[in-house]
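This report concerns only the one structure given below.
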Amino acid sequence: MDRRLALGLLLGFVAVVMFGATLPLTRFALHDFSPWFISFGRAALAGFAALGLVLVMRRPWPFSQRAVLWRLAVSSGCLIFVFPLAIGVATQTVPAAHGGIVLGLLPLCTAIAAMLLAGERPGLGLFAASAVGAGLVVAFALRNGAGGALGMGDSLLFLGVIACAIGYAVSGGLARTMSGWEVIAFMLILCLPVTLPLALLTFPWGGTVAGASWAALLYLGLFSQLIGFFFWNAGLAMGGIARVGQMQLLQTFVTVGLAWPINGEVPDAETVAFAAGVALVVAVAQRTRSRPR
């Protein structure tokens, strides 16, 4: 059991590193691509990879089940459309490290969304930690915003956090009846008839695109949108959701750390302090127990 837990934690850490690179690489790809093409292009790329995987594995198609189709549609709307678009547009105006601090509330919001959508009763401790964490993130955004006010970038990041939390909760419910990799794969396949035409429509035809930007898009499509979920779901299954879920607390630090070599954003003492504060609040909140309804 100790080896199984250790392997689960390792898989969870690998997934967190993959997810943590999303913001820095999205900001990097903005040199040659619009946030619209980045969002639709990465989803279309991941969709073709998922389609090939499902066909090779000969998995049955779940789209005939209305309840499953509805959940796939909701989670797809949150994780494939709203979240990537929100962070893509946001990183046009805010640094990747700044976005990493705001997205530091994602584990906490995911826990709350899972409780609410799964019919559990959140305890008072969770709500108190949520208020403290939200206040901490808002304070950081205000201190670093223009004129001491929340900008459009911060608002979009908050929207992305909410959408991602809902998507995780709904897709997590689906993972109880099918494999975790099948959930993300069928989500991407379901959206492929939409993401592919939109990717072609928003592609910068006639423009010059650097190879590094293509590499960033390839990473976002294959790892951030697809393969990262394989490691994450496998880690949760092997080590337990409560324990492996704590690994997501490191995502803020991964994002801040990778923003330095990728985007040239040297983290200052204030950014590191707020990152540590957000991680501490989320850690306390995730240790709060809830009672099933």
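The values are calculated or read from the model by the stated rules, or taken from the named source; none is laboratory data. Just so it is clear, the structure is predicted and the values come from calculations on it, not from any experiment. Methodologically, a virtual Cβ is constructed for each residue, glycine included, from the backbone with ideal geometry; neighbour enumeration extends over all protein chains shown. Accessible surface is based on the protein model in full, side chains and every heavy atom, while ligands, DNA and RNA are left aside. Shrake-Rupley method; radii C 1.70, N 1.55, O 1.52, S 1.80 Å.
Output the residue which, of all residues in the stretch 139-150 that are part of a helix (DSSP H, G or I) and modelled with pLDDT under 75, is most open to solvent (accessible area, probe 1.4 Å). Ranking the qualifying residues of the stretch 139-150, first place goes to Arg143. The stretch 1-95 holds helices (runs of 4 or more DSSP H) entirely within its bounds, and those carrying 1 or more residues that are within 17 Å of Ser179 (Cα to Cα) map to 2-20, 35-57, 66-76. May I ask you to list the residues in the stretch 16-32 that are open to solvent by 10 Å² or more (accessible area, probe 1.4 Å) and more than 13 Å from the chain's Cα centre (by Cα)? Residues satisfying the conditions are Leu25, Arg27, Phe28, Leu30, His31, Asp32. If you check Ala111, Ala44, Ala90 for being open to solvent by less than 50 Å² (accessible area, probe 1.4 Å), over 17 Å from Gly257 (Cβ atoms) and modelled with pLDDT of 95 or more, only one passes: Ala44.
If the condition is being open to solvent by 50 Å² or more (accessible area, probe 1.4 Å) and among the β-branched types (Val, Ile, Thr), then the stretch 163-179 contributes Ile166, Thr177. Residues in the stretch 70-87 that are touching a residue at least 40 places away in the same chain (Cβ under 8 Å) and open to solvent by 40 Å² or more (accessible area, probe 1.4 Å) were compared, and the one that is farthest from Leu217 (Cα to Cα) is Arg71.
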